1. Here is a check on your reading of the model: is residue 57 farther than 15 Å from residue 109 by Cα, touching a residue at least 24 places away in the same chain (Cβ under 8 Å) and of a type in the set (Ser, Thr, Tyr)?
2. Among the residues of region 514-529, write down those that are closer than 28 Å to residue 477 by Cα and within 10 Å of the ligand (Cβ to nearest atom).
3. Within region 492-503, track down each residue that is within 14 Å of the ligand (Cβ to nearest atom) and not hydrophobic (A, V, I, L, M, F, W, C).
4. Among (1) within 16 Å of the ligand (Cβ to nearest atom); (2) touching a Phe, Trp or Tyr at 6+ places or on another chain (Cβ under 9 Å), which single condition is residue 377 missing?
5. If a residue must be buried (at least 19 other Cβ atoms within 10 Å of the Cβ), in contact with a helix residue (DSSP H, G or I) (Cβ under 7 Å, 6 or more places away or on another chain) and of a type in the set (A, V, I, L, M, F, W, C), how many such residues does region 110-124 contain?
6. Looking at (1) surrounded by 20 or more Cβ atoms within 10 Å (Cβ to Cβ); (2) modelled with pLDDT under 95; (3) over 26 Å from residue 291 (Cα atoms), find the lone condition where residue 247 falls short.
7. Would you say residue 31 is modelled with pLDDT of 95 or more, farther than 22 Å from residue 174 by Cβ and either outside any loop (DSSP other than H, G, I, E, B) or not assigned by TED's automatic domain parsing to the domain that holds residue 262 (or both)?
8. Determine, yes or no, whether residue 24 is under 16 Å from residue 107 (Cα atoms), acidic (Asp, Glu) and free of Cβ contacts under 8 Å to residues at least 40 places away in the same chain.
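The values are calculated or read from the model by the stated rules, or taken from the named source; none is laboratory data. Nothing here was measured: the structure is a model prediction, and the numbers come from that model. Note that each Cβ is placed from the backbone with ideal geometry, even for glycine, and that neighbours are counted across all protein chains shown.
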Amino acid sequence: MIANLAPIPELYVSYESAQKLKLEAAGLTSHDLTARQICDLELLMNGGFHPLKGFLSEADYNGVVNDMRLADGALWPMPITLDVKEEFAAKVEIGQDIALRDQEGVILATMTVTDKWVPNKAHEATMVYGADDLAHPAVNYLHHQAGNVYLGGPVTGIQQPVHYDFRGRRDTPNELRALFRKLGWRKVVAFQTRNPLHRAHQELTFRAAKEAQANLLIHPVVGMTKPGDVDHFTRVRCYEAVLDKYPQATTTMSLLNLAMRMAGPREAVWHGLIRANHGCTHFIVGRDHAGPGKNSAGQDFYGPYDAQELFQKYQSEIGVEMVDFKHMVYVQEKAQYYPANEVPEGCTVLDISGTELRRRLREGLDIPEWFSFPEVVTELRRTSPPRSKQGFTVFFTGLSGSGKSTIANALMVKLMEMGGRPVTLLDGDVVRKHLSSELGFSKEHRDINIKRIGYVASEITKNGGIAICAPIAPYTATRRAVREMIEAYGAFIEVHVATSVEECERRDRKGLYKLAREGKIKEFTGISDPYEAPTTPELRVETENVEVDNCAHQVILKLEAMGLIAAN
Ligand code: PPS
């Protein structure tokens, strides 16, 4: 296969028209794009998502969800939708133009709304991700972060989203096509990744380039990847560190601002289409491509080679050829990497999984030279200090009067006695006084309150401190959202203070239960408002007949067991 490197259609208007349109668009009803929508919009506008001309219409959406096809029959496996809140949707009429703004308010595009509908999210999850299971990050996003109404329609591009980082390493499809034309590259194999490159990846990419007799494009995703992944700043520094281990004349690297969905087989097909748009002729699909991890029953969502199978089926329509690989492992006797199915008989296989690598980094353990490059390990160690030096958040949840604040205070003092990291207590009452004084106790207000606490705790965790939170936090989904915010930077330890409502009411320290029973306080947790107890907290403490000191000590033991405080 030889590349057709003619420019691909973009959705941008000319520079002059953009200046005019920007002024006109300032008066339009405007939608503030989410981080994921900004990634999608960038690839829509620059042709990365060609042949899409905007966010999907209802007919296109139905075709994509049910048959992986747009209404005109073209192959497209991923719903690219503009999800909005009901209140916003109510303000928008069919036929109306809206402005699409980034998070700082800059107008990036306008969209003519041709469709507005309420999607069946459970159906979307089942068809696109294989199961309506919240353990899948994209399904969780769909149900808990995406708005309930979708708007569809063609987009007119005004300007690209602004990036201040690694600007020289970001290329639009047409910039890459132009580069390949200039270099005379007619065959290019793309390597998609969301992880740092270790020796196995290098071996795999070398082999792929050789097999396809093609040049190599290392094309890492820097938009949104799986929650908990190594951040893209660290990864790009790692990629830069290994780039000189590749032949310069036949290898290049470019960053792709894609928001991944971790949709395995469908995602592989999508990735292939995106790479075709970027001028590539071949695409590497390895084991468990874009895998989301385990489902809520502890099993893999997809088979390890399902993505290769689906890709194979649609290869001619995708327009890039698959270079498929089995899992690469290190063969000790040969001192080299082999695909798992080609290991010579009787040889010893060595492998370090992603989980094991994270454990070694966390605990400051050896990472052998056969596994990675010293430069990469140094970079990773810089951003992943051992757990005992990282920030973390202890998040107490429980009914009013369950003892959260008292245990949290005792824990704070114990941690301060140990020293080493700054400790901040974000107690429910205190937060309501300083951060959330305008909020009440409706579900909406409670969620805002908890997300504020989560945001502050995530900043503390990011900067290497210890945040102790002690709100009621009655809703599972909100606690999960906070967990995700924090786990991007450090450990999140959910502690359920499991005092029963009867016991809390019996203690009634603040006299609030009495008032709640008398109907003088409305929406009171446990009496007239729900409390969803955590099912799998890191720790559950009982407080009846147990001293506060002992409860706090249980948390300390848990922290020690998790390696968060060093036993010295
Ligand atoms: S939430 O749901 O997490 O936002 O609640 P939180 O901010 O932790 O609540 C803090 C304290 O508010 C008092 N209070 C109520 N709690 C529950 N329901 C209602 N309606 C209510 N009204 C006031 C209560 O004393 C909480 O304090 P704690 O420390 O939990 O006893």
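1. Here the answer is yes, as residue 57 does meet what is asked.
2. Those that are closer than 28 Å to residue 477 by Cα and within 10 Å of the ligand (Cβ to nearest atom): 516, 521, 522, 523, 524, 525, 526, 527, 528, 529.
3. Residues satisfying the conditions are 494, 496, 499, 503.
4. It fails just one condition, (1).
5. Counting residues in region 110-124 that are buried (at least 19 other Cβ atoms within 10 Å of the Cβ), in contact with a helix residue (DSSP H, G or I) (Cβ under 7 Å, 6 or more places away or on another chain) and of a type in the set (A, V, I, L, M, F, W, C) gives 0.
6. The one condition residue 247 does not meet is (1).
7. Here the answer is yes, as residue 31 does meet what is asked.
8. yes
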